[in-house]
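Colleague: There's a structure below that I have some questions on.
Values in this text are rule-based calculations from the coordinates and carry no lab data. Computed from a predicted model, the values in this text were never measured in an experiment. Cβ coordinates were reconstructed from backbone atoms using ideal geometry, including for glycine residues, and neighbour counts include every protein chain displayed.
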Amino acid sequence: MYKSQVIISICLSGLLVACSSNHTPAPVTTLHSGKTTSSHKININGSSYKVKKGDTLFAIAFSANKDVRTLAQINKIKPPYTIYPNQIIRLEYPKNKNKKNTKYTKVNHKSQSLKQKSNKSPKKELDKPNQREYVQRQATQKSSSTKALYNNKVLWKWPAEGKVTRHFSVKENGYKGLEISNKPGTSVKAAAGGVVVYAGSALRGYGNLIILKHTDDYLSAYAHNAKLLVREQQKVKVGEKIAEMGSTDASKTALRFEIRFKGQAVNPAKYLP
């Protein structure tokens, strides 16, 4: 009897030592099942955010109106963008005053040399090349922007049946999506094929929310659902039922549908058939 008690005591001691020696926190991705389990709300206030259980980098980026790739680059996080509870996510690049001063000095020297050369020449002759460079630069930016849209083309379909009761607004605090109203339980479908990168209720004002990634540039969001039918990292096809319409964190039953391009909300009406 005594020997068996000693053996049990040794086993328990070894188990406690093994547990105490593991200080590495579990990643958020293994803690969050994709269901509505979060008891907190993501509150973006300032230049950084402290990760809580159930958060994903996509959800943080969405809440901050940022491209997830930008946040990943700022915080040196590699795909699949695994984050940990209590990790500090910086939302902006750190300011480098010395770099700014150096840039200003170089520009200042250049402007002084131009002034010295222009003592004997009219001012108009100096202004023309600068204006030409500006127009060429604007044209190049417009061309590359159009090319990005073309290369990342997504074929969209309506995410739910119903009446559009609110439209996209370009105002700063305006509605950044479409509100589609119908009865509770109406099917909410994937507007395009993609991967579920968030499924939960941690984003303030969105209720039970699903975010789908379609390409590196395009995301779509489905808010205020009564029930979520998919989990994070799950692949879905266009038209597949992903949720049921509800009124979570809203005053009436309706789907809030958003499309984000490089982190910024765009008018879904321009993309839907």
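Colleague: What is the packing order of peptides 178-186, 240-248, 73-81, 253-261, taking the mean over residues of other C-beta atoms within 10 Å and listing the highest first? Show your work: numbers first, answer last.
Modeller: Working: 178-186: 16.7, 240-248: 19.1, 73-81: 12.7, 253-261: 22.4.
Most protected by this proxy first, the peptides run 253-261, 240-248, 178-186, 73-81.
Colleague: For the range 171-220, max minus min Cα coordinate along each principal axis, in Å, sorted largest first?
Modeller: 32, 28, 20
Colleague: Sorted by average packing, counted as other Cβ atoms within 10 angstrom per residue and highest first, what order do 166-176, 60-70, 218-228 take? If you can, show how the numbers build up before the last one.
Modeller: Working: 166-176: 11.8, 60-70: 20.2, 218-228: 22.9.
In decreasing order of mean packing, 166-176, 60-70, 218-228 become 218-228, 60-70, 166-176.
Colleague: Assuming a viscosity of 1.306 mPa s and a temperature of 10 °C, what translational diffusion coefficient in µm² per second does Stokes-Einstein assign to the range 175-262, Rh being the Kirkwood radius over Cα pairs?
Modeller: 127 µm²/s
Colleague: To make sure I understand the rule: partners must be aspartates and glutamates, Cα under 16 Å from the Cα of K76, and not fewer than 8 residues away in the same chain. Which ones qualify?
Modeller: Cross-link targets: D67, E92.
Colleague: Where does the range 44-89 land on Rg(C-alpha)/(2.2 N^0.38 Å)?
Modeller: For the range 44-89, the normalised Cα radius of gyration comes out at 1.00.
Colleague: Among the listed pairs K78/K213; K52/K163; K235/K262; K189/K252; K176/K227; K52/K171, give every one whose C-alpha distance is greater than 27 Å.
Modeller: From K78/K213; K52/K163; K235/K262; K189/K252; K176/K227; K52/K171, over 27 Å: K52/K163; K52/K171.
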